[in-house]
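Novice: Okay, here's the structure, questions in a sec.
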């Protein structure tokens, strides 16, 4: 199974990894993992004052801060995973990558704010579910 793991570095990403570790059926050579992190873009007005190389370095460092513990996790499990980052809206990028990459499943941690919280704050999970035809496994 080809699995896209959407990660934001939050405690909910850690819960998702704990879920993976606790369920042997998700570990092993039967699955191919790609870990994805969407970096929020620096506002255009602010970005215009920063050199392009500095901005790209910032985006890379931000993604690597999320990826580093996940790399360690997969290494300890003996699993090879690809790591991909893009700059932009997380929900749109996750849905687009899931479709274009022909993934069998998207795995995400969820904050679980509930209906009222999602109305006030929005939800990346809700937006991914609305935009993506790929099955979604949510870990709360």
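The values are calculated or read from the model by the stated rules, or taken from the named source; none is laboratory data. A quick note: this is a predicted structure, and the numbers were derived from the prediction, not measured. Note: ideal-geometry Cβ built from the backbone for every residue, glycine included; neighbour counts use all protein chains shown.
Novice: Say whether the condition of being under 17 Å from residue 66 (Cβ atoms), surrounded by 15 or more Cβ atoms within 10 Å (Cβ to Cβ), touching a residue at least 12 places away in the same chain (Cβ under 8 Å) and out of contact with any helix residue (DSSP H, G or I) (no Cβ under 9 Å at 6 or more places or on another chain) is met by at least one residue in the stretch 1-14.
Specialist: For the stretch 1-14, residues under 17 Å from residue 66 (Cβ atoms), surrounded by 15 or more Cβ atoms within 10 Å (Cβ to Cβ), touching a residue at least 12 places away in the same chain (Cβ under 8 Å) and out of contact with any helix residue (DSSP H, G or I) (no Cβ under 9 Å at 6 or more places or on another chain): present.
Novice: So if I check each of 55, 20, which one is on the phi < 0 side of the Ramachandran plot, out of contact with any strand residue (DSSP E or B) (no Cβ under 6 Å at 6 or more places or on another chain), part of a helix (DSSP H, G or I) and buried (at least 18 other Cβ atoms within 10 Å of the Cβ)?
Specialist: 20 is the lone residue from the list that is on the phi < 0 side of the Ramachandran plot, out of contact with any strand residue (DSSP E or B) (no Cβ under 6 Å at 6 or more places or on another chain), part of a helix (DSSP H, G or I) and buried (at least 18 other Cβ atoms within 10 Å of the Cβ).
Novice: Let me ask another. In the stretch 82-140, which residues are over 27 Å from residue 22 (Cα atoms) and modelled with pLDDT under 85?
Specialist: Answer for the stretch 82-140, where residues must be over 27 Å from residue 22 (Cα atoms) and modelled with pLDDT under 85: 115, 116, 117, 118, 119, 120, 121, 122.
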